[in-house]
Amino acid sequence: MIKVNHLRKTFGEGDKKLIVLDDFNAHFESGQITSIIGGSGSGKSTVLKHLIGVYKPDSGDIIIDGDPLVNSNRETLVRIRKKFGIMFQSGALFNSLTVEDNVALPLREHTELNENTIKIMVKMKLEMVGLRGAEHLKPAQLSGGMIKRIALARAIALDPKIVFYDEPSAGLDPISIGVIDKLIVDLSKKMRITSVVVTHEIPSAMRISDKIIMLYKGKIIAAGSPEEIRNSEDPRIQQFINGSPDGPIPFSKSQKDYGEELKEMRFS
Amino acid sequence: MRFFFGFIGHNAFQAWAVAENFFKEISGMYYLTRATFYCTFIEPFRGKPNKWKPIWTQMEEVGVKSTTIVFLVSFLIGVILAFQTASQLARLGALDFVGALVGVSITRELGPLMTALVMAGRVGAAFTAEMGTMKVSDEILALETMALNPVKFLITPRFIAILVMLPCLTIMADLMGILGGFLIGITTLGIDPIAYYDRSIEAMVIKDVVTGLIKSGVFAVIIVMVGSYMAFIIEGGAEKVGENTRTSVVVSMILIIIADLIFTSLFFFVT
Amino acid sequence: MKVNLHSEEKEGVVTVFIDGEFDMAASPKIRNFLAPLFHENSRSIIVDLSKVPYIDSSGIATLVEGLQWSHSKGKKFRLTQLSPTVKDVFEIARLLTVFEVFDTIEDALQGV
């Protein structure tokens, strides 16, 4: 469904050049849940921003459902974007609109459907995320978990073939995480939606994924089923999935030696 | 010596960076304005009509809710103008001409300008704050990924609303200003109402009102484009929204004054 | 893909045949086709979905509207010959039990 080949992205120029993504290859298959995991700064959000056509890669290509995304013109981009839904980390609901209008927005803008049909569809989508009856609330009146579920309802409003999830369980309580996880699995299995989940919640990724891609410093260090990842011998993977502070992944972001840096400090 | 050259080099580098930034902003604003014009005036004729509901909402926000402050400011400006000019004109024995002076300066200059400045503060700031908040909370990104054009969705209704409402408010401000001057003229200053009216009508020409309206159209474009641009470039968090809101008001006020100067001199030389 | 619609009336029972994908592009057309049928003097309306390879949520919503109309007019509204894929979509939406669903037209015609 989605093929990504040799994706490379750098930010900045000259000395400050930072490689955020290096030779990223992946194949997201139809009806499967693929999780991209990694620590903060590992480049996982950058992958997502490439997939939704916000960032332009330095090199490499992305093919979504047969359409090349990189360097596509406006019409192609619109056509590709109608094929996927995305659930943002913050939900990104429109605060000035009610829940109903939020979910109905893509339907009103992209289809010729009758207003009554749209209202019924909104109710169906809200039922799917278990929030039927919340139609007339404003996003400000909802809890974090509810906002994410409404965001999911909006993401699936147009019955997309692909749904991207940006940190679906970040900042939620364990029960809400469980609810969201179940929704992701249900949607992808029953509606054959291709799901791409970007997360750092290892237990949740292990539970729901068919395939896990682990990123570290912009490179793929592991890819495989949750079983394979769990049984991996790579100490970096073990450190990440066990969440231990000591290991090959340093706690400090600095590349320089601590003592050297202190000695070299200059006060002007 | 080395220090001195180093200093100059550093400053030149900084100046270059500032200039580069400036031109980047100008071109960014140009592209956004072009996109807005395209979405507002050309796309509706290519089978993508504008939706009226958001335009009405914005018209209410921009126009109807601004009437109180615009009325108050322009009325008081009329009052102040009458007072200030009266003492000077009385010395020349030309107190009757207060009406002419108030009428001309309000319709030509102060009506459009004061209305635009008030609106830059009231509406321009609101534009930046609203859309800036949407930008930082990923709502604009969400629009884009839903294949909805944020320019068409957010800027176009505001653009149409202010383009219609600012000239309307300007006319009302003109009337209120003249009314303010008139009331003070016939009461406190003791000018004969008939004389006041005659002098005013003699001095004012319809052309002044029309040029004022043309100007207010330009001011409307400045307010909405600066407000939107300052919102769309926000990266980062909430403190940036506050910062850019301030910048947006300052920049649009400066641009309004500059545009006013250009248009006034244009009308001065051309007609 | 174009969707083709036609209906047959027999003894006060209107049967609607839908041929094609019942998706967001087709739903408005199907809705406009169904709506006037509820104002005619028929007792029941049966929708034959045998030639519908795919239905999305807009299609289901359109059929729900048909259900609403049938209730307000006191008519029967039945669906028949759902393919397994279409049935799945109804099941996911948890609306299979809300409709009167029959496997064959003959069954659907019983007791209308």
Report summary line: Checked pairs for segment C:35-53, first farther than 26 Å from C:E21 by Cβ, second open to solvent by 70 Å² or more (accessible area, probe 1.4 Å) and part of a strand (DSSP E or B), C-beta under 9 Å and 6 or more apart or across chains, list as C:E40/C:E9; C:S42/C:E9; C:R43/C:K76
Report summary line: Picked from segment A:223-251 (must be in contact (Cβ under 8 Å) with a residue 60 or more places away in the chain and open to solvent by 40 Å² or more (accessible area, probe 1.4 Å)), the residue nearest to A:T199 (Cα to Cα) is A:F240
Report task. From (1) surrounded by 19 or more Cβ atoms within 10 Å (Cβ to Cβ); (2) away from chain C (no Cβ under 14 Å); (3) more than 15 Å from A:Q32 (Cβ to Cβ), pick out the condition that doesn't hold for A:E135. Result -> (1)
Query raised in the report: So which residues in segment A:89-124 are closer than 22 Å to A:K189 by Cα and either open to solvent by 50 Å² or more (accessible area, probe 1.4 Å) or in a loop (DSSP other than H, G, I, E, B) (or both), if there are any at all?
Result: A:K123
Query raised in the report: Where in segment A:159-268 are there helices (runs of 4 or more DSSP H), lying wholly inside it, with at least 2 residues that are among the polar types (S, T, N, Q) and assigned by TED's automatic domain parsing to the domain that holds A:L18?
Result: A:174-190, A:235-242
**Report entry** Matching residues in segment A:100-123 - criterion: being away from chain C (no Cβ under 12 Å) and under 22 Å from the mean Cα position of the chain (by Cα)
**Finding:** A:N102, A:L105
Query - Scan of segment B:230-240 for residues that are open to solvent by 20 Å² or more (accessible area, probe 1.4 Å) and either part of a helix (DSSP H, G or I) or in contact with a His (Cβ under 7 Å, 6 or more places away or on another chain) (or both), ordered by number - result: B:F232, B:A238, B:E239, B:K240
**Report entry** Among (1) within 14 Å of chain B (Cβ to nearest Cβ); (2) open to solvent by 20 Å² or more (accessible area, probe 1.4 Å); (3) in a helix (DSSP H, G or I), the one test that A:E127 misses
**Finding:** (1)
Report task. Of all residues in segment B:103-138, count the ones that are within 14 Å of chain A (Cβ to nearest Cβ), surrounded by fewer than 23 Cβ atoms within 10 Å (Cβ to Cβ) and assigned to a helix (DSSP H, G or I). Result -> 5
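Any chance you could count how many residues in segment B:176-197 are part of a helix (DSSP H, G or I) and in contact (Cβ under 8 Å) with a residue 60 or more places away in the chain?
Initially, segment B:176-197 is screened for residues part of a helix (DSSP H, G or I), giving B:176-186, B:193-197.
Applying the additional criterion that residues be in contact (Cβ under 8 Å) with a residue 60 or more places away in the chain yields B:176-185, B:195-197.
Residues meeting the conditions: 13.
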Query raised in the report: Given (1) closer than 16 Å to A:M214 by Cα; (2) open to solvent by 70 Å² or more (accessible area, probe 1.4 Å); (3) not in a loop (DSSP other than H, G, I, E, B), where does A:S40 come up short, assuming only one miss?
Result: (3)
Query raised in the report: Hey, among the residues in segment A:45-83 that are open to solvent by less than 10 Å² (accessible area, probe 1.4 Å) and assigned to a helix (DSSP H, G or I), which one's farthest from the other protein chains (Cβ to nearest Cβ)?
Result: A:V47
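Any residue that is within 30 Å of B:R246 (Cα to Cα), in contact with a helix residue (DSSP H, G or I) (Cβ under 8 Å, 6 or more places away or on another chain), surrounded by fewer than 24 Cβ atoms within 10 Å (Cβ to Cβ) and at pLDDT below 95 - is there at least one of those in segment B:200-211?
First, the residues of segment B:200-211 that are within 30 Å of B:R246 (Cα to Cα): B:211.
Okay, now just the ones that are also in contact with a helix residue (DSSP H, G or I) (Cβ under 8 Å, 6 or more places away or on another chain), so B:211.
When the remaining residues are screened for being surrounded by fewer than 24 Cβ atoms within 10 Å (Cβ to Cβ), the result is B:211.
Keeping just the survivors that are at pLDDT below 95 gives B:211.
Yes, the conditions are met somewhere in segment B:200-211.
The values are calculated or read from the model by the stated rules, or taken from the named source; none is laboratory data. Remember, it's a predicted structure, so these values are computed and weren't measured experimentally. Note that each Cβ is placed from the backbone with ideal geometry, even for glycine, and that neighbours are counted across all protein chains shown. Ligands, DNA and RNA are stripped out before the accessible areas are found, and what is left, the full protein with its side chains, is counted by its heavy atoms. Shrake-Rupley method; radii C 1.70, N 1.55, O 1.52, S 1.80 Å.
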